[in-house]
Amino acid sequence: MNINEYGFIRVAAASPKVKVADCDYNVSEIKSMIDVAEKENVQIICFPELSITSYTCADLFFQTALQQKAVESLLNLTGFMKNKPSIIAIVGLPLLVENSLYNVAAVISHEGILGFIPKTHIPNNNEFYEKRWFAGSGDLNDFFVEINGESIPISANRMIFHTPFASFGIEICEDLWMPVPPSSKLAMQGADIIFNLSASNELVGKNEYRKSLILQQSGRSNTAYIYALAGCGESSTDLVFSGATTIAENSKLLAEGKRFSFENEMIISDIDISALRSDRLKNTNFLSSQDESIQEIECDLEPVSVEKMYRKFNPHPFIPSPKKEEEYLSEVFNIQTVGLAKRLQHTGIKTVAIGISGGLDSTLALLVTTKTFDILGLPRENIIGITMPGFGTTGRTYNNAMELMKSVGVTVKEISIVDAVTQHLKDIEHDITLHDVTYENAQARERTQILMDYANKTNGLVVGTGNLSELALGWATYNGDHMSMYGVNASVPKTLVKTLARWIADTQMDEKSRKILHDILDTPFSPELLPADNEGKIAQKTENFVGPYELHDFFLHRMLRYGDSPKRIYFIAQQAFINIYSSEEILKWLKVFYKRFFAQQFKRSCMPDGPKVGSINLSPRGDWRMSSDAVAKVWLEQLG
């Protein structure tokens, strides 16, 4: 598979074995790592600061012999790259320019030396004495340097390299630690990736701080940040180097290498350039201004075909990792409760009506509502829980609905809709044995009418139960369960509803309530609008009709969060759900997703208010504005 076609580029951070001032040995190790990287289809590889000579040469940098050998070694390495059209390497060396010595990064490919980037911020404190040997990029007056009869561009953090698949910039070690790193400007001028060649010695606690800088800078600049640190071979006299390597993307850690190794160490990852550019496109403050000082270097780079990806895709992007679960779920729950609390305070309403079906969505809405009433100091008896059994209600869901309401202490009402819907179908001359959409929607609208009228009767407010996934698919009856006075689950996708309800059950409920909640969690998703089967069990299972919610939530996240094309979503979904769903199943349900998403926008255009809890929201007043008459043709054509 050609990952470049889907918006990815493969990069590596390498920390080779070195011998101080032994350029031949160091270049030999660099070559061996480039060979390994090429076999792994790496397209850009970054080595540490001054990797050709080693960083700890100290006053040997003043020696003409070492300076000349460094350039000779670079030319040797460049010759080695001549037959490698699919990889670019970034290495470090000392470079004499007129009367000053500079600590530079050299970008090389099969085209030759593409450019030199000098270090901007030269440390000269504590254990660092770099100003003794090197000038900073601000002292540079030339824009080209003569190497082997060829003029090579040299630029102080104002050089951006453009490949067919991504653009990148470079900064060196200390540059990252500054209040305004050069990479910030490079990102604003279009660099998708920042490479950092570094030689930062180790101290207790320094690695975590350094990693936090990398993650923060990648997030702040909306880039991928590839960091390559000098290894143990540099360790001498008073300093120890660990060879730490890190690859981050938009504040997320993608790969981290082994530290304190005396072997060659390399980490590889596939960078999602398309996602980075999508985020920049949506951020109206991320604007590039015209800057004539920026040198733009075009680089030839061949695409690669790979057998596997060096990247994991989370199949459940809305669900937090176990490490972050407590904080994340608590925050979601608090946003829901505070949103409802504000609405009740603003309106002065002290009573709510909520339909309780024994299903997961109404359960979460009830838990949010009880917590809200506790916060406001209102009695839970003011929550009118109404269960409305119909033609498809099973004993399991009915019993769970009743037991749950009793266990949390709300007012319990049972109002059967069977007689009312039977009469209504008779009034509109619909055959009650015809179990079509009219039969189903009549029940949903009857339930909503009961809730609305009961709320009016009690001077209350109807709390909606529908979730984000249902809104995306239009899996709600227009002006039925689609409507409420405040929808607390409106931006909570189905996969998160289940996770959140389980967390509440396990952390905040008594044993009796917990047992009820776990049975609800194990109940198949269903609107229960069709009669039960011969065994009295749920016959109408939502996921059999619209497809697995975990797939639809994944599709929704990729489409709205990153603006991914159908072709790209299909590709990434195959990686995320490998050995779970076949390619044919994924394609089938992705087509269903697009058809329903486009056809059902009219329901989202008039959805009630509800709190935004995450980055994805379909409220027409918040994140998502779309014509109800938009056509899905362009999207479906990509899927064949």
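Between the C-alpha center of the range 549-573 and that of the range 25-88 there is a gap of 40 Å. Between residue 637 and residue 279, the FRET efficiency from the beta-carbon distance, with R0 = 22 Å, is close to 0.25. Ignoring aspartates and glutamates fewer than eight residues from residue 323 along the same chain, the ones with Cα atoms less than 15 angstrom from its Cα are 331. Distance from the Cα centroid of the range 606-639 to that of the range 300-369 is 17 Å (rounded to whole angstrom).
Taking 0.36 nm per residue of sequence separation and subtracting the Cα-Cα distance, how much length would be gained by fully extending the chain between residue 429 and residue 458, in nm to one decimal?
Extra length from residue 429 to residue 458 when fully extended: 7.1 nm.
If I model a spin label as a point 7 Å beyond the Cα along the Cα-Cβ vector, how far apart are those points for residue 630 and residue 578 in nm? The answer from the label model is 3.2 nm. Using a simple spin-label model with pseudo-atoms 7 Å out from Cα toward Cβ, residue 407 and residue 375 lie 2.3 nm apart. Annotation: amide H of residue 254 within the under-5 Å range of 247, 248, 249, sequence separation 5 or more or interchain, hydrogens built in the peptide plane. Couplings 3J(HN,Hα) of the range 228-234, computed from phi: 10, 10, 4, x, 4, x, 7 Hz, in residue order, whole Hz [Karplus 6.51 cos²θ - 1.76 cosθ + 1.60, θ = phi - 60°; x for Gly and Pro].
Near residue 147, the amide H atoms lying under 5 Å from its own belong to 152; only residues 5 or more places off or on other chains count, and H is placed 1.01 Å from N. With Rh defined as the Kirkwood radius, the inverse of the mean 1/r over Cα pairs, the Rg/Rh of the range 367-418 is 1.04. Can you pull the percent of the chain's accessible area that's carbon plus sulfur, 1.4 Å probe, other chains left in place? Taking all protein chains in place, the chain shows 50 percent carbon and sulfur surface.
Within the range 340-453, the proportion of Cα pairs with more than 22 Å between them is 39 percent. Binning the C-alpha pair distances of the range 306-350 at 5 Å intervals from 0 yields a P(r) profile of 5, 17, 15, 13, 12, 10, 9, 7, 4, 3, 2, 1, 1 %, listed from the shortest bin outward. Remark on the chain: hydrodynamic radius 27.9 angstrom, per the Kirkwood mean of 1/r across alpha carbon pairs. Treating only the Cα positions of the range 570-640 as identical point scatterers, give the base-10 log of I(q)/I(0) from the Debye formula at each q in 0.18, 0.22, 0.27, 0.29 Å⁻¹. Those come out to -0.85, -0.99, -1.11, -1.18, one per q.
Across all directions, the average projected area of the convex hull around the alpha carbons of the range 31-135 is 6.9 nm². Structural descriptor for the range 241-384: relative contact order 14 percent, calculated from alpha carbon pairs under 8 angstrom and at least 6 residues apart. When only alpha carbons of the range 283-339 are considered, Rg and Dmax amount to 21.5, 54 Å.
Could you run the Debye sum over the Cα atoms of the range 68-200, one equal point scatterer each and no solvent, and tell me log10 of I(q)/I(0) at q = 0.09, 0.18, 0.21 Å⁻¹, two decimals? After summing over all Cα pairs, the log10 values are -0.25, -1.03, -1.36. Take every Cα pair under 8 Å whose residues are at least 6 apart in sequence, average their separation, divide by the length of the chain, and the relative contact order is 11 percent. Given a cut-off of 19 Å, what percent of all Cα-Cα pairs of the range 194-307 lie beyond it? Tail fraction, whole percent: 58. Converting phi to 3J(HN,Hα) with the Karplus coefficients 6.51, -1.76 and 1.60 and the offset θ = phi - 60°, the range 420-428 yields 5, 6, 4, 5, 5, 5, 5, 4, 9 Hz in sequence order, with x at every glycine or proline.
Could you give me D for the range 1-64, from Stokes-Einstein at 20 °C and 1.002 mPa s, where the hydrodynamic radius is the Kirkwood radius over C-alpha pairs? Units µm² s⁻¹, please. Translational diffusion coefficient: 162 µm²/s.
Measuring how big the range 401-441 is from its alpha-carbon positions, Rg and Dmax come out at 15.0, 42 Å. A Förster distance of 56 Å, applied to the separation of the beta-carbon atoms of residue 216 and residue 438, puts the FRET efficiency at 0.50. Over the Cα atoms of the range 407-514, each weighted equally, I'd like the Debye log10 I(q)/I(0) at q = 0.18, 0.22 Å⁻¹, rounded to two decimals. Cα-only, vacuum Debye calculation for the range 407-514: -1.07, -1.22. Cα centroid distance between the range 440-472 and the range 131-163, in Å? Between the Cα centres of the range 440-472 and the range 131-163 lies a distance of 68 Å. Computed from phi, the 3J(HN,Hα) profile of the range 218-226 under the Karplus parametrisation 6.51, -1.76, 1.60 (θ = phi - 60°) reads 5, x, 5, 8, 6, 9, 8, 10, 10 Hz, with x in place of Gly and Pro. Gain on full extension, evaluated as 0.36 nm per residue between residue 146 and residue 307 minus their Cα-Cα distance, stands at 53.8 nm. Between residue 464 and 485, 486, 487, 488, the built amide H atoms are under 5 Å apart, and every one of these is 5 or more places off in sequence or on another chain. A crude spin-label estimate for the pair residue 62 and residue 2, with each label 7 Å from Cα along the Cβ direction, gives 5.5 nm. Evaluated over the range 191-309, the count of Lys pairs having alpha-carbon atoms less than 21 Å apart is 6 (only pairs 8 or more residues apart or interchain). Normalised per residue, the accessible area of the chain is 42 Å², obtained with a 1.4 Å probe and no contribution from ligands, DNA or RNA.
The values are calculated or read from the model by the stated rules, or taken from the named source; none is laboratory data. The shown structure was predicted, so the numbers you read here are calculated from the model rather than taken from an experiment. For neighbour counting, all protein chains shown are included, and Cβ atoms are generated from backbone atoms with ideal geometry for every residue, glycine included. When the accessible area is computed, the model is the full protein with side chains, heavy atoms only, and any ligands, DNA or RNA have been set aside. Shrake-Rupley method; radii C 1.70, N 1.55, O 1.52, S 1.80 Å.
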